[in-house]
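The values are calculated or read from the model by the stated rules, or taken from the named source; none is laboratory data. Computed from a prediction, not measured in an experiment: that's the story for all the values here. Every residue, glycine among them, receives a Cβ derived from its backbone with ideal geometry; neighbour counts consider all protein chains shown. Accessible surface is based on the protein model in full, side chains and every heavy atom, while ligands, DNA and RNA are left aside. Shrake-Rupley method; radii C 1.70, N 1.55, O 1.52, S 1.80 Å.
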Amino acid sequence: MKKLLIAGIALFMCYSCKTSSSENRPIGMFDLKYTLDYDLKDSLQTLAVWDDIHAVSSLQGVVNREAPNLFINYIVTGNDEIDTYWWNKYRSEGQWLNGKDTVVYDDIVALFEAYKNDINGVVLYDPNVASTSNVASAIAGIENLVALRYDPRPESLYSRLVKSGPKLEVKVKLVGDNGEPMFTGTGMIPGTNRQSTGSIKNDPYIWFIENYMKKGLCTGEFGAYYIDQKWRENPTAAPKNHHTLTNHDFFISKKAFFFDLSPWGDEPATDDTTQTVGTDLATLKEFLLEAYKLNKGEKMLYIGGFPAWAYKYTKHAGGIHDDVPTEWEFSRIISAYNAFKDADAIGFGALANASFWQHFPLQDKYPQKWITEQELKDRGYLTEDGKVDFKNREFLIFYVGDYDASSWITQRTPTIWDDPNRGKLPLMWCISPVLAERVPMVMHNFRTTATPNDYFAAADNGAGYLMPGMLQEPRDISGLPSGLDTWAKHCKKYYDKWGLTITGFVIDGMAPGLNEKGLDCYASFSPNGIVPQRIPLTLLHGNMPVLRFDADVVQADPKEAAKQVIERIELRPIKFHWFRNILKTPTWYVEMMDEIHRLNPNVELLDAPTFFELYRIWLKQNPDAAAGKIEFKHIWD
């Protein structure tokens, strides 16, 4: 982005705006893409990447809490500059940002000079105790501070912002004087009456729980699960931006707690191998229980992030567990405490500016129309007496995913949603409605640019990714009472706003499947259908059609994918078929369906209302199917 103003003018304009309302304040803009050119094999350049992005993201979280005051450019996916893409979309004529004054800063010290009066100072953390970086992000949000790593070198960001430049005041220290450790993993944890966990990694988290969570200074509604400073030891294990520091800003603005802990209780955490087995898990459970108490069990805990499997807690890092089991185990545990995740998973896990976009003005509602029985008759799917008219047809629907992560949907919009072939086929876009918290502009864009062939259902597992079986009693991990009513209330709010009546996929993982009460819960907000894993092949629960998950289509080649779909259809004993696809373009679907029709012209891809309404009618007409009595081997058996 072109640098329009020199630092001096920028500082003057920003100073002037402090006397005006937030509405009239110019939007500050800062380009962090220079850090993408740094050599991550150079330890000093890696430190600079970490320090600059952590400090700017924490500043963003504080100054964007009440209004969209600071925007950064950072995320690049392929040839797409993602932040610029979204800025330009809503900067255009008639859009939210059109006509807003902006001030461009091209120097990080000048940026902090400009916002000096909007923050209270600095929280300083220990470069030698990795977890203190996450604790610093949490404190930054609670006390309106900027997170800085202690580094006495003259060229460090700490020296340029604290020792010189704006001379920000250090208000909280997570490191001793002159850099000696505050946390040692022995004795009593400083500032508490608790004995050390024996883990230098876990003690700072316990300190935070005692001094902030238990004192009600931290929210119980938001948590952030992002990698700590250990990233600096292996920064090339995933894409350059997977320090995920730019993801912090939103959660800082919400006064969330931050953590990076292993979900496994059968091995020491791979980043802290001398700890007693299960220490990380115990601290994770303590965080979750304290959040539950803060919410009084009446609200869900929204966790941003995902196990950093390329760096920690899996076989990639010397552990004993694979990636997906680690994902599922984390989900299983958090679900037992009424928590879900917005799954910023590795690959497209980086997100910037969520604290800015959270202020985007959404419509009150985004309704969608359901189909009527008469329309089904008019289209030839029902006979005049209301029977499903198959005419040798096989009915097909795709779960178009995975959109259970704010980061994934934001990064992939230019290459997937903007595909010129979108609209040529009926597609069921499965998007978690809770993404509207961090990326409302993406959700709005999808709805306002959708074609008649684009229909929306909820992604796994509703308004957030959890394992609903762990909401059901008995809850052996937490011992807490049922969370089903809390989940239903949470989901209903989002489903009503976004016109959702279908949950396109329910991941049960290694948790129990839905029981009667669990199915009742989903029927209360997803009345037109759900697709769980641990369920009979077919089921009608009250009036809610339930179809068991079948297969993931993993082939990149649409012709190979078509072959898999046809082979599976030929095995299934019913005429309704569901397949899940991840990050495939509309062009890919068009090419796959062309091949499917070549292989079997009787396969018909349906829109979601038609598919699920026909399925419901068929279930009502077939009592054995409605009662779950059709036997068919699950694909993973």
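Of the residues P361, P367, only one is open to solvent by 50 Å² or more (accessible area, probe 1.4 Å) and either farther than 22 Å from A457 by Cβ or in contact with a strand residue (DSSP E or B) (Cβ under 6 Å, 6 or more places away or on another chain) (or both); which?
P361 is the lone residue from the list that is open to solvent by 50 Å² or more (accessible area, probe 1.4 Å) and either farther than 22 Å from A457 by Cβ or in contact with a strand residue (DSSP E or B) (Cβ under 6 Å, 6 or more places away or on another chain) (or both).
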Which of the residues belonging to the stretch 319-346 are assigned to a loop (DSSP other than H, G, I, E, B), open to solvent by less than 30 Å² (accessible area, probe 1.4 Å) and not aliphatic (A, V, I, L, M)?
-> G319, H321, Y337, N338, D344
Find all pairs meeting these conditions: Cβ atoms under 6 angstrom apart; at least six residues apart or on different chains; first residue within the stretch 313-333 and within 18 Å of V506 (Cβ to Cβ); second residue in a helix (DSSP H, G or I) and at pLDDT 95 or above.
-> R332/M470
G518 vs. criteria in contact with a Pro (Cβ under 9 Å, 6 or more places away or on another chain) and buried (at least 18 other Cβ atoms within 10 Å of the Cβ) = yes
Which one of these is of a type in the set (S, T, N, Q), open to solvent by 20 Å² or more (accessible area, probe 1.4 Å) and in contact with a Lys or Arg (Cβ under 9 Å, 6 or more places away or on another chain): T610, T587?
-> T587
Out of the residues in the stretch 266-285 that are within 19 Å of A310 (Cα to Cα), part of a loop (DSSP other than H, G, I, E, B) and of a type outside the set (A, V, I, L, M, F, W, C), state the one that is most open to solvent (accessible area, probe 1.4 Å).
-> T273
Taking only the stretch 432-444 into account, find how many residues are open to solvent by 10 Å² or more (accessible area, probe 1.4 Å) and either in contact with a helix residue (DSSP H, G or I) (Cβ under 7 Å, 6 or more places away or on another chain) or of a type in the set (S, T, N, Q) (or both).
-> 2
Hey, any hits in the stretch 475-492 for a residue that's modelled with pLDDT of 95 or more, surrounded by fewer than 21 Cβ atoms within 10 Å (Cβ to Cβ) and touching a Pro at 6+ places or on another chain (Cβ under 7 Å)?
-> no
When residues of the stretch 521-535 are limited to those that are of a type in the set (V, I, T) and farther than 24 Å from K365 by Cβ, the one surrounded by the fewest Cβ atoms within 10 Å (Cβ to Cβ) | I535
Index of the failed condition, K255 passing every other in (1) open to solvent by 10 Å² or more (accessible area, probe 1.4 Å); (2) farther than 27 Å from I119 by Cα; (3) touching a helix residue (DSSP H, G or I) at 6+ places or on another chain (Cβ under 9 Å); (4) not aliphatic (A, V, I, L, M) = (2)
Sort through I596, I574, I566 and tell me the only one that's among the β-branched types (V, I, T), out of contact with any strand residue (DSSP E or B) (no Cβ under 6 Å at 6 or more places or on another chain) and assigned to a helix (DSSP H, G or I).
-> I566
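Table: residues versus (1) open to solvent by 20 Å² or more (accessible area, probe 1.4 Å); (2) of a type in the set (F, W, Y); (3) assigned to a helix (DSSP H, G or I); (4) more than 30 Å from Q45 (Cα to Cα).
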site	(1), (2), (3), (4)
H243	no, no, no, no
T246	no, no, yes, no
D249	no, no, yes, no
Y292	yes, yes, yes, yes
Filter result for A237 (crowded, with 24+ Cβ neighbours inside 10 Å and touching a residue at least 12 places away in the same chain (Cβ under 8 Å)) | no
If the Cβ limit is 8 Å and pairs must be 6+ apart or interchain, which residue in the stretch 412-427 that is assigned to a strand (DSSP E or B) pairs with which residue that is open to solvent by 20 Å² or more (accessible area, probe 1.4 Å)?
-> L427/N453; L427/Y455
Considering each residue of the stretch 613-633, count those that are open to solvent by less than 50 Å² (accessible area, probe 1.4 Å) and in contact with a Leu (Cβ under 8 Å, 6 or more places away or on another chain), and give that number.
-> 11
Give the residue, chosen from E384, E375, that is part of a helix (DSSP H, G or I) and without any contact (Cβ under 8 Å) to a residue 40 or more places away in the chain.
-> E375
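Can you go through G216, G191, G198, G187 and tell me which one is farther than 19 Å from D260 by Cβ, surrounded by fewer than 19 Cβ atoms within 10 Å (Cβ to Cβ) and touching a residue at least 40 places away in the same chain (Cβ under 8 Å)?
Of the residues listed, the single one that is farther than 19 Å from D260 by Cβ, surrounded by fewer than 19 Cβ atoms within 10 Å (Cβ to Cβ) and touching a residue at least 40 places away in the same chain (Cβ under 8 Å) is G216.
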Positions within the stretch 216-241 being assigned to a loop (DSSP other than H, G, I, E, B), among the hydrophobic types (A, V, I, L, M, F, W, C) and under 19 Å from the mean Cα position of the chain (by Cα), in sequence order = I227, A238
Consider D80 carefully, then state whether it is surrounded by fewer than 18 Cβ atoms within 10 Å (Cβ to Cβ) and in contact with a helix residue (DSSP H, G or I) (Cβ under 8 Å, 6 or more places away or on another chain).
-> yes
The residue that is most open to solvent (accessible area, probe 1.4 Å), considering only those in the stretch 498-515 that are among the hydrophobic types (A, V, I, L, M, F, W, C) and either touching a Leu at 6+ places or on another chain (Cβ under 9 Å) or not in a helix (DSSP H, G or I) (or both), is M510
Among the candidates L97, L124, L111, which residue alone is open to solvent by less than 10 Å² (accessible area, probe 1.4 Å), in contact (Cβ under 8 Å) with a residue 12 or more places away in the chain and farther than 17 Å from S355 by Cβ?
-> L124
If you take the residues of the stretch 465-496 that are outside any helix (DSSP H, G or I) and polar (S, T, N, Q), which of them is nearest to F287 (Cα to Cα)?
-> S478
Filter the stretch 49-100 down to residues that are under 22 Å from A114 (Cβ atoms) and part of a loop (DSSP other than H, G, I, E, B), then give me how many there are.
-> 10
Identify the residue in the stretch 616-637 that is in contact with a strand residue (DSSP E or B) (Cβ under 6 Å, 6 or more places away or on another chain) and not in a helix (DSSP H, G or I) and, among all such residues, is nearest to Q533 (Cα to Cα).
-> I635
If we scan the stretch 253-270, do we find a residue that is touching a residue at least 60 places away in the same chain (Cβ under 8 Å) and within 21 Å of N73 (Cα to Cα)?
-> yes
Hits in the stretch 51-62 - residues which are crowded, with 23+ Cβ neighbours inside 10 Å and either hydrophobic (A, V, I, L, M, F, W, C) or in contact with a His (Cβ under 8 Å, 6 or more places away or on another chain) (or both) = H54, A55, V56, S57, S58, L59, G61, V62
